[in-house]
Structures are given as structure tokens and as C-alpha cells.
Amino acid sequence: MTGGELFTAEEAAAEVGVETATIYNWVRRGYLNSAEKRGRYKLFRLGDVFACESSRSRAHRKSANVV
């Protein structure tokens, strides 16, 4: 994989281990931006998706520890 490869939401979700809907939710909430759009498909860099997943997991763990 080179740094310039772009993936559809479905492909990126499969690589990161989340549902495709999660990718679209992150985009809708402003946590993740697509790198490019080809036709009707938004394309993502895996590094961006992994970084978003990591930050969302940390935020989830942090909020779960608040009593």
C-alpha cells in the first residue's frame, strides 16, 4: 500500500474493522473528511480513517470512565 491509495467507505471500513455506517457517521459529524470524490463515491486515506477510529475509541473510553 502506498501513501496515495484511496479507498471507498466500504473498503476503509473493512480494513479498520468498523461498519460502513460508522464511516458515514464520522463524516456527518465532522470527525473525518474524504480525501477525494469520484462520481458518487467519497474516497478516504486509510491513515485518516485509522486516526479517526483511534481518536473516537479514546474518546469513548474516556466518557465510559466518567461516573
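Any read-out appearing in this document is the output of simple, stated calculations on the displayed coordinates, not a laboratory observation. Every value quoted in this text rests on a predicted model; they were computed, and no experiment measured them. Neighbour counts are summed over all protein chains in view; Cβ atoms, including those assigned to glycine, are modelled from backbone coordinates with ideal geometry.
Does the range 8-35 hold any residues that are touching a Lys or Arg at 6+ places or on another chain (Cβ under 8 Å), farther than 14 Å from R56 by Cβ and in contact (Cβ under 8 Å) with a residue 12 or more places away in the chain, and which are they? Reasoning before the result, please.
Initially, the range 8-35 is screened for residues touching a Lys or Arg at 6+ places or on another chain (Cβ under 8 Å), giving 8-9, 26-27, 31, 34-35.
Checking which are farther than 14 Å from R56 by Cβ leaves us with 8-9, 34-35.
T8, A9, A35, listed by residue number.
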For the range 1-51 the number of residues that are part of a loop (DSSP other than H, G, I, E, B) and either out of contact with any helix residue (DSSP H, G or I) (no Cβ under 8 Å at 6 or more places or on another chain) or not charged (D, E, K, R) (or both) is 16
